[in-house]
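J.: Quick one: the structure is below, and I'll ask about it shortly.
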Amino acid sequence: MPVLSLANFMGLIRALESNFPVVRRLLGEQYFAGFARDFAQNHHPQSPLMFQYGAAFPEALENADDLARYPYLGDVARLEILWRESYHAADAPILAGDALSSIDPDVLFNSRFIDHPATRLIQSRFAIQAIFAANKSESEDQGFDPAQPQCVMFTRPHYDVTVHAISPEQFEFFLALKNGENLGDALDRAAGFNANFDLSGTLTLLLQSGAFQSLQTGNKQTT
């Protein structure tokens, strides 16, 4: 591995501080600085875009023996990576809120949703959205259980990234649509997790959040 100049080395440390502000606050300035130095020595950037630096940071946090008491740090770091990806994703139109109203139900259930470039999903064994929100705003409110599993969706319909805590069945539904399954198959997947899955409410969230950019019905694409 080539030796970095001092300026480049310090640049990597500053990039980690910028890219993982929530992890930085959770660990404290002093510990984070030392951990970032060790990481930068062993992980050179794979891209000239510094907002992409730190892809291996979550695994490094999870493999640190002295951080075993903070098992959620890796997923919080992954969430921060996805937030940045959503923020820097390409611009695209969003699927109009009334786009589904004129489509025959049989056609609709065989249609596929094309996800917006900024849409991201993550599932965790920990309350990563609550941890992220509490520390992003530097709030002292810790009225949540860190060990509570959470699923999170990021969207960026316009200029700002929005963070949505969603249910496990909504996660499976969104993931199925994002992976190219049609609406009917995605519904079956979600209903397997919860027989009372709220399709109407979930579609409303989907449309209002800007999670998708268009709808593919046969050979026709709707925006």
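The values are calculated or read from the model by the stated rules, or taken from the named source; none is laboratory data. Quick caveat: nothing in here was measured; it's all calculated off a predicted structure. Virtual Cβ from ideal backbone geometry, glycine too; neighbours counted across all protein chains shown. Please note that ligands, DNA and RNA were not included when accessible areas were found on the heavy atoms of the full protein model with its side chains. Shrake-Rupley method; radii C 1.70, N 1.55, O 1.52, S 1.80 Å.
J.: Show the residue pairs that are 6+ apart or on different chains and have beta-carbon atoms under 6 Å apart, the first residue being within the range 57-75 and open to solvent by 70 Å² or more (accessible area, probe 1.4 Å), the second being in a helix (DSSP H, G or I) and at pLDDT 95 or above.
T.: Sorted first by the residue in the range 57-75, then by its partner, the pairs are E62/G74.
J.: Of everything in the range 24-38, what is without any contact (Cβ under 8 Å) to a residue 24 or more places away in the chain and not small (G, A, S)? Give them in sequence order.
T.: R24, E29, Q30, Y31, F32, D38, listed by residue number.
J.: Further, regarding this structure: Considering only residues that are surrounded by 11 or more Cβ atoms within 10 Å (Cβ to Cβ) and part of a loop (DSSP other than H, G, I, E, B), look in the range 24-48 and name the one that is modelled with the highest pLDDT.
T.: Among those residues, the one meeting the criterion is H43.
J.: Restricting attention to the range 80-95, and to residues there that are touching a strand residue (DSSP E or B) at 6+ places or on another chain (Cβ under 8 Å) and assigned to a helix (DSSP H, G or I), which single residue is farthest from P58 (Cα to Cα)? I'd like the intermediate steps shown before the answer.
T.: Within the range 80-95, the first condition is being touching a strand residue (DSSP E or B) at 6+ places or on another chain (Cβ under 8 Å), and the residues that meet it are 82-83, 85-86, 92-95.
Checking which are assigned to a helix (DSSP H, G or I) leaves us with 82-83, 85-86.
On the way: L82: 12, W83: 14, E85: 15, S86: 18 Å.
It comes out as S86.
J.: A follow-up question, please. Could you check the range 115-221 for helices (runs of 4 or more DSSP H) lying wholly inside it with 2 or more residues that are closer than 16 Å to L82 by Cα and open to solvent by 60 Å² or more (accessible area, probe 1.4 Å)?
T.: Working: elements: 128-136, 168-178, 183-193, 199-209.
Hits in the range 115-221: none.
J.: How many residues does the range 1-23 contain that are more than 19 Å from F132 (Cβ to Cβ) and open to solvent by 30 Å² or more (accessible area, probe 1.4 Å)?
T.: Counting residues in the range 1-23 that are more than 19 Å from F132 (Cβ to Cβ) and open to solvent by 30 Å² or more (accessible area, probe 1.4 Å) gives 11.
J.: Which of the residues that make up the range 1-49 are among the charged types (D, E, K, R) and out of contact with any Phe, Trp or Tyr (no Cβ under 9 Å at 6 or more places or on another chain)? It would help to see each step written out before you state the result.
T.: First pass over the range 1-49, keeping only residues among the charged types (D, E, K, R): 14, 17, 24-25, 29, 37-38.
R14, E29, D38 - these are the residues of the range 1-49 that are among the charged types (D, E, K, R) and out of contact with any Phe, Trp or Tyr (no Cβ under 9 Å at 6 or more places or on another chain).
J.: Is there a residue being basic (K, R), closer than 20 Å to I128 by Cα and touching a Pro at 6+ places or on another chain (Cβ under 7 Å) anywhere in the range 67-75? Quick ask: steps written out before the conclusion?
T.: First, pick out the residues of the range 67-75 that are basic (K, R): 69.
The next check asks that each one be closer than 20 Å to I128 by Cα; those that pass are 69.
Narrowing the set further to residues that are touching a Pro at 6+ places or on another chain (Cβ under 7 Å) leaves none.
Within the range 67-75, not a single residue is basic (K, R), closer than 20 Å to I128 by Cα and touching a Pro at 6+ places or on another chain (Cβ under 7 Å).
J.: Among the residues of the range 96-154, what is the count of those that are within 19 Å of the chain's Cα centre (by Cα), polar (S, T, N, Q) and modelled with pLDDT under 90?
T.: Looking only at the range 96-154, we keep the residues that are within 19 Å of the chain's Cα centre (by Cα), and these are 113-137, 146-154.
Filter again for polar (S, T, N, Q), leaving 119, 123-124, 129, 135, 137, 148, 150.
In the following step, the residues that additionally are modelled with pLDDT under 90 were identified as 135, 137.
Total meeting the criteria: 2.
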